[in-house]
Amino acid sequence: MGLRIVVAADSAGVDYKDVLKKDLEADDRVDEVIDVGVNGDEDVDYPHVAVKGARLIAAGKADRGLFVCGTGMGVAMAANKVRGIRASVAHDSFSVERLIMSNNAQVLTFGERVIGLELARRLAKEWLGYEFDPSSHSAPKVAAIDEYDNQKDAGEDTVAGC
């Protein structure tokens, strides 16, 4: 079964999002691409599209997300507000690899004003090929992140080792 990928962008990232979306739709590893905006001349601030996309992943309606804004940082911060979501900007091959292999992140973000389009396309293609190994040495670290995410009181340190 292929991946279900949600794409999202604000007006500063819509051009890259549209190109990356076409690449994803043409990739055999992808079964479905869900576009939560923006489109054309639409002007929606990045927190809204990032949270909308992240909520689809958290609800199990998508496996991963590829979000774009001017820097990639805004959509990453907004997506990370959704419980259970791990998102980060990455602009090089090693970071894209570690996003999945070390952090089991569901969301990769790019900055259209920061990275060249051809590099973004290559990194997105690489990103599709990585899969987290739940028996890896990174698994306890990801579990700790999940535990913090699930704590009701942010003032409590109930995770082992803290």
Need the C-alpha centroid separation for the stretch 91-112 versus the stretch 113-152, integer Å. 5 Å
From the square roots a ≥ b ≥ c of the eigenvalues of the alpha-carbon gyration tensor of the stretch 48-136, which class results: rounded (a/c under 1.5), prolate (a/b over b/c), or oblate? oblate
Tilt, helix 14-26 to longest principal axis of the chain (alpha-carbon atoms), in degrees rounded to tens, equals 80 degrees
At 1.4 Å probe size, with every protein chain present, just tell me what the per residue accessible area of the stretch 1-154 comes to in Å². 51 Å²
Kirkwood-based Rg/Rh on the Cα set of the chain evaluates to 0.97
Per-peptide average of other Cβ atoms within 10 Å, ordering 4-15, 52-63 highest first: 4-15, 52-63
For the chain, modelled as a Gaussian network with Cα springs under 10 Å, which listed residue fluctuates most, A26, A87, A105? A26
With charges set only on the Cβ (+1 for Lys and Arg, -1 for Asp and Glu), what does the dipole of the chain come to about its Cα centre, in debye to the nearest 20? 180 debye
Relative contact order computed over the stretch 1-154 (Cα-Cα under 8 Å; 6+ residues apart), in percent: 22 percent
In degrees, nearest 10, range 0 to 90: what is the angle between the Cα axis of helix 117-128 and the longest Cα principal axis of the chain? 40 degrees
How large, in percent, is the carbon and sulfur part of the accessible surface of the chain at a probe radius of 1.4 Å? 50 percent
Name the residue from G72, I145, G60 whose Cα lies farthest towards the positive end of the charge dipole of the stretch 1-154, charges +1 on Cβ of Lys and Arg and -1 on Cβ of Asp and Glu. I145
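The values are calculated or read from the model by the stated rules, or taken from the named source; none is laboratory data. Note that the structure is predicted; figures quoted are calculated from it, not measured. Here the Cβ is made from the backbone with ideal geometry for all residues, glycine too, and neighbour counts use every protein chain on show. Only protein heavy atoms, including side chains, enter the accessible area calculation; ligands, DNA and RNA are left aside. Shrake-Rupley method; radii C 1.70, N 1.55, O 1.52, S 1.80 Å.
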